[in-house]
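**Student:** Take a look at this one; I'll ask things after.
The values are calculated or read from the model by the stated rules, or taken from the named source; none is laboratory data. Not measured: the values here are computed from a predicted model. No Cβ is skipped: glycine too gets one built from the backbone with ideal geometry, and neighbour counts run over all protein chains shown.
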Amino acid sequence: MNNWFNSLIFASSFIIATLSISTQALAVENKSQFSLEEISQLTSVSQLSDIRPTDWAFQALQSLIERYGCIAGYPNGTYRGNQEMTRYEFAASLNTCLQRVQELIATAKDNLVTKEDLALLQKLQAEFSTELGILRRRVDVLESKTAELEANQFSTTTKLGGEVIFATAGVFGENAADSDDNPNNNPDNNSELDENIIFAQRVRLNFVTSFTGKDGLNVRLESGNITELDDSITGTRMTRLGFDEDTDNDVVLDEVYYFFPIGDRVKVTVAATEMELNDIAEPLNPLASSSSGGISRFGRYNPILRSVDGTGLGINYQFSKSANLAFAYMTNNAQLPTDKNGLFNGNYAALGNLTFQLFNNLGIALTYLHSYYAGGSDSGVNLTGSTGSLIARRPFGNVSTTANSFGLETSWQMSPKFILSGWIGYTKAESKVSDDNADILNYAVSLAFPDLGGKGNLAGFVFGMPPKVTDSSQIADKDTSLHLEGFYRFQVTDNISITPGLFVIINPEHNDNNNTIFVGAIRTTFKF
């Protein structure tokens, strides 16, 4: 019986060695044109059209197939012995062989293994001793690394992730003036901008805890001193960077939310603070990330998704692999019991978003948003998420306002290295203290070139119109601003990227009396 178990050990070693002949096989993710479901079990070596009796591995294949039944082929009757195998194929073949070994153990008979078999196995073990030694060393290294990770892990349930941005930026041009009819017009318009170059930083620490393996509690700490290049500096909020954050370098609690599944199709997210609508209705734009995407605030995604952030509830229902329906209710200052605050009496937004993945490379999203702004509070009215003109932000001033917004977003990956994306957003705003109303429109088209010049690199271009009041019973924007943006992200290492970029605002504040404003930045991102 000891000889029997020794032979099984030899057999298992031979199986592993046979499946590991190509040292590159373990590094290939999926190069076969057939899926695992298309690999079929064989009963005779004659079923393989590309195997000949003269092949050096013929006898080994014949034995494994006809005596042990643990070699599979492709449905077209080929074995492809010289082709690299994927990890999936390796796992499937190894599992089949091990199951067969277990069956042999269960039905073992004294005369099942002959001396000739043992001699052959010993010969094969000696022949593949180098490969077996490599596998043993790999296993030893993996066990050592696993033990080290277990001994030094941050937590058994919590993963820690960090991100640091160093930013060098500057604005060039003249201070923008708002519409001549706007009572909120900047009194310091058309003066030269302070063309001082700044150097600042933003730091984020993310703690993600899972209690069941399928849920997640996300807690983010943040600190930064990246100035908002808004109307207080340039006369317009169209010049804001997409990664600005100014906490005076104080550490603040930036995000707290918990998500969990209900069944296989529903995910529920409960946010205590600072969650954004785009966390529930994820933008299709590949330039959406603040740390690795576009450098401007407007160029990241549709401004209607910036309506209200803070405390709320989100629900994602996955109809199928190609369709997702999202609902969200968000309110800011939910923790304050004072007038025009709280969970239902302050600013809030209710979202409905339907995303279709029509093909593997083409997605379309339809968005509806109803929002309410109490007005008069510190948070005030901000219909555009600080991306458009000052009139579009508060078309009736800081008074109670409702808005119904509609968005269409799409992204088409025309090739592995070219993605065409875009959006259009329309908002119908109404004053709650008068009969006034206004129409607000914005749109953008973006081009993304992944891996341009090297793996991990990204070139991006954005062209669009920041939110504009196209029609109003009070004041409308008389001209049209255009947003032009270009950047190139150079992936230095897996953890470090450098992104120089420039965006230009033509006719700032939708006023052609204003000169063009240029905003340049170099964003260096460290992730760990």
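**Student:** With the structure loaded, tell me whether A438 is over 30 Å from the mean Cα position of the chain (by Cα) and closer than 20 Å to Y368 by Cα or whether it fails that test. Steps first, answer last, please.
**Tutor:** Values: over 30 Å from the mean Cα position of the chain (by Cα): yes; closer than 20 Å to Y368 by Cα: yes.
When the stated conditions are applied, A438 passes them.
**Student:** Further question on the same structure: Any residue at all in the range 406-413 that's assigned to a helix (DSSP H, G or I), surrounded by 15 or more Cβ atoms within 10 Å (Cβ to Cβ) and among the charged types (D, E, K, R)? Before you say what the answer is, go through the steps one by one.
**Tutor:** Of all residues in the range 406-413, those assigned to a helix (DSSP H, G or I) come to none.
Scanning the range 406-413 turns up no residue that is assigned to a helix (DSSP H, G or I), surrounded by 15 or more Cβ atoms within 10 Å (Cβ to Cβ) and among the charged types (D, E, K, R).
**Student:** Here is a further query. Out of curiosity, is S434 hydroxyl-bearing (S, T, Y) and crowded, with 18+ Cβ neighbours inside 10 Å?
**Tutor:** no
**Student:** Can I517 be described as of a type outside the set (S, T, Y) and closer than 21 Å to I198 by Cα?
**Tutor:** Numbers: of a type outside the set (S, T, Y): yes; closer than 21 Å to I198 by Cα: yes.
Taking the combined requirement at face value, the residue satisfies it.
**Student:** Separate question: Condition first: among the charged types (D, E, K, R) and over 19 Å from the mean Cα position of the chain (by Cα). Now tell me which residues in the range 197-247 satisfy that.
**Tutor:** First pass over the range 197-247, keeping only residues among the charged types (D, E, K, R): 202, 204, 214-215, 220, 222, 228, 230-231, 237, 240, 244-246.
Within the range 197-247, R202, E222, E228, D230, D231, R237, R240, D244, E245, D246 qualify.
**Student:** If you check I505, I522, which single one turns out to be surrounded by fewer than 23 Cβ atoms within 10 Å (Cβ to Cβ) and either in a strand (DSSP E or B) or not hydroxyl-bearing (S, T, Y) (or both)? Quick ask: steps written out before the conclusion?
**Tutor:** Details: I505 fails: surrounded by fewer than 23 Cβ atoms within 10 Å (Cβ to Cβ).
Of the residues listed, the single one that is surrounded by fewer than 23 Cβ atoms within 10 Å (Cβ to Cβ) and either in a strand (DSSP E or B) or not hydroxyl-bearing (S, T, Y) (or both) is I522.
**Student:** A follow-up question, please. Take the residues of the range 298-318 that are part of a helix (DSSP H, G or I) and hydrophobic (A, V, I, L, M, F, W, C): which is surrounded by the fewest Cβ atoms within 10 Å (Cβ to Cβ)? Lay out the reasoning, then the answer.
**Tutor:** The first filter runs over the range 298-318 and keeps only residues part of a helix (DSSP H, G or I), leaving 303-306.
From the residues that got through so far, the ones that are hydrophobic (A, V, I, L, M, F, W, C) too are 304-305.
On the way: I304: 31, L305: 29.
Residue satisfying both the conditions and the ranking: L305.
Conditions tested, residue by residue: (1) closer than 22 Å to A72 by Cβ; (2) at pLDDT below 80; (3) among the hydroxyl-bearing types (S, T, Y); (4) not assigned by TED's automatic domain parsing to the domain that holds Y68.
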residue	(1), (2), (3), (4)
T114	no, yes, yes, no
F128	yes, no, no, no
R138	no, no, no, no
T146	no, no, yes, no
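**Student:** Another one. Determine, yes or no, whether S232 is part of a loop (DSSP other than H, G, I, E, B) and more than 29 Å from N404 (Cβ to Cβ).
**Tutor:** Details: part of a loop (DSSP other than H, G, I, E, B): no; more than 29 Å from N404 (Cβ to Cβ): yes.
Answer is no for this residue.
**Student:** Something else about it: Going through D471, D479 one at a time, which residue ends up being in contact with a strand residue (DSSP E or B) (Cβ under 6 Å, 6 or more places away or on another chain), surrounded by fewer than 18 Cβ atoms within 10 Å (Cβ to Cβ) and within 15 Å of I440 (Cα to Cα)? Talk me through it step by step, then tell me what you get.
**Tutor:** Values: D479 fails: in contact with a strand residue (DSSP E or B) (Cβ under 6 Å, 6 or more places away or on another chain).
None of the other options fit; the residue is D471.
**Student:** Right, here's the next one. Within the range 388-404, can one find any residue that is in contact with a Ser or Thr (Cβ under 8 Å, 6 or more places away or on another chain), surrounded by 16 or more Cβ atoms within 10 Å (Cβ to Cβ), within 29 Å of Y317 (Cβ to Cβ) and in contact (Cβ under 8 Å) with a residue 12 or more places away in the chain?
**Tutor:** Checked against the condition, which is being in contact with a Ser or Thr (Cβ under 8 Å, 6 or more places away or on another chain), surrounded by 16 or more Cβ atoms within 10 Å (Cβ to Cβ), within 29 Å of Y317 (Cβ to Cβ) and in contact (Cβ under 8 Å) with a residue 12 or more places away in the chain, the range 388-404 yields at least one hit.
**Student:** Can you name every residue in the range 201-259 that is hydrophobic (A, V, I, L, M, F, W, C) and closer than 20 Å to T524 by Cα? Steps first, answer last, please.
**Tutor:** Initially, the range 201-259 is screened for residues hydrophobic (A, V, I, L, M, F, W, C), giving 203, 205, 207-208, 211, 217, 219, 221, 226, 229, 233, 238, 241, 243, 251-253, 256, 259.
V203, L205, L221, I226, L229, L241, F243, listed by residue number.
**Student:** Here is a list: G162, G133. Which entry is in the same structural domain as T209 (by TED's automatic domain parsing) and either at pLDDT 75 or above or under 30 Å from D215 (Cα atoms) (or both)?
**Tutor:** Numbers: G133 fails: in the same structural domain as T209 (by TED's automatic domain parsing).
Only one candidate passes the filter, namely G162.
**Student:** Restricting attention to the range 290-344, which residues are at pLDDT 95 or above, under 30 Å from R489 (Cα atoms) and of a type in the set (G, A, S)?
**Tutor:** S290, S291, S292, G293, G294, S296, G299
**Student:** State all residues of the range 344-363 that are buried (at least 16 other Cβ atoms within 10 Å of the Cβ) and not in a strand (DSSP E or B); if no residue qualifies, say none.
**Tutor:** Those that are buried (at least 16 other Cβ atoms within 10 Å of the Cβ) and not in a strand (DSSP E or B): N345, G346, N347.
**Student:** Follow-up question, since we're still on this one. Does the range 477-488 include one or more residues that are among the β-branched types (V, I, T), at pLDDT 95 or above and within 18 Å of Y426 (Cβ to Cβ)? Please lay out each step first, then the result.
**Tutor:** Our first condition is that a residue be among the β-branched types (V, I, T); within the range 477-488, this holds for 480.
The next check asks that each one be at pLDDT 95 or above; those that pass are 480.
If we keep only those that are within 18 Å of Y426 (Cβ to Cβ) too, we end up with 480.
Within the range 477-488, one or more residues are among the β-branched types (V, I, T), at pLDDT 95 or above and within 18 Å of Y426 (Cβ to Cβ).
**Student:** Test I391 against the stated conditions and say whether it is closer than 30 Å to A350 by Cβ and either in a loop (DSSP other than H, G, I, E, B) or acidic (D, E) (or both).
**Tutor:** Working: closer than 30 Å to A350 by Cβ: yes; either in a loop (DSSP other than H, G, I, E, B) or acidic (D, E) (or both): no.
Spelling it out, it is not the case that I391 is closer than 30 Å to A350 by Cβ and either in a loop (DSSP other than H, G, I, E, B) or acidic (D, E) (or both).
**Student:** Here's something else I'd like to know. What about A444, is it without any contact (Cβ under 8 Å) to a residue 60 or more places away in the chain, in a strand (DSSP E or B) and buried (at least 22 other Cβ atoms within 10 Å of the Cβ)? Steps first, please.
**Tutor:** Numbers: without any contact (Cβ under 8 Å) to a residue 60 or more places away in the chain: no; in a strand (DSSP E or B): yes; buried (at least 22 other Cβ atoms within 10 Å of the Cβ): yes.
So A444 does not fit the description; no.
**Student:** In the range 422-431, is there at least one residue being surrounded by 24 or more Cβ atoms within 10 Å (Cβ to Cβ), among the aliphatic types (A, V, I, L, M) and at pLDDT 95 or above?
**Tutor:** Yes, that holds for at least one residue.
**Student:** What residue, among those in the range 216-230 that are of a type in the set (D, E, K, R) and closer than 12 Å to V171 by Cβ, is surrounded by the fewest Cβ atoms within 10 Å (Cβ to Cβ)?
**Tutor:** Step by step, filter the range 216-230, then rank; the result is E228.
**Student:** Could you tell me which residue of the range 50-79 is farthest from the chain's Cα centre (by Cα), considering only residues that are among the β-branched types (V, I, T) and in a loop (DSSP other than H, G, I, E, B)?
**Tutor:** We begin by selecting, within the range 50-79, every residue among the β-branched types (V, I, T); these are 51, 54, 65, 71, 78.
If we keep only those that are in a loop (DSSP other than H, G, I, E, B) too, we end up with 51, 54, 71, 78.
Numbers: I51: 45, T54: 52, I71: 39, T78: 39 Å.
Only one residue fits best here, namely T54.
**Student:** If you don't mind, there's one more thing I want to ask. Tell me which residues, restricted to the range 77-93, are in contact with a helix residue (DSSP H, G or I) (Cβ under 9 Å, 6 or more places away or on another chain) and closer than 19 Å to F58 by Cα. Walk me through it before giving the result.
**Tutor:** Restricting attention to the range 77-93, the residues satisfying the condition of being in contact with a helix residue (DSSP H, G or I) (Cβ under 9 Å, 6 or more places away or on another chain) are 77, 79, 81, 84-93.
Of everything in the range 77-93, those that are in contact with a helix residue (DSSP H, G or I) (Cβ under 9 Å, 6 or more places away or on another chain) and closer than 19 Å to F58 by Cα turn out to be G77, Y79, G81, E84, M85, S93.
**Student:** For the range 205-215, indicate whether the set of residues that are in the same structural domain as F449 (by TED's automatic domain parsing), buried (at least 18 other Cβ atoms within 10 Å of the Cβ) and either among the acidic types (D, E) or modelled with pLDDT of 95 or more (or both) is non-empty.
**Tutor:** Of all residues in the range 205-215, those in the same structural domain as F449 (by TED's automatic domain parsing) come to 205-215.
Now drop any that are not buried (at least 18 other Cβ atoms within 10 Å of the Cβ), which leaves none.
Scanning the range 205-215 turns up no residue that is in the same structural domain as F449 (by TED's automatic domain parsing), buried (at least 18 other Cβ atoms within 10 Å of the Cβ) and either among the acidic types (D, E) or modelled with pLDDT of 95 or more (or both).
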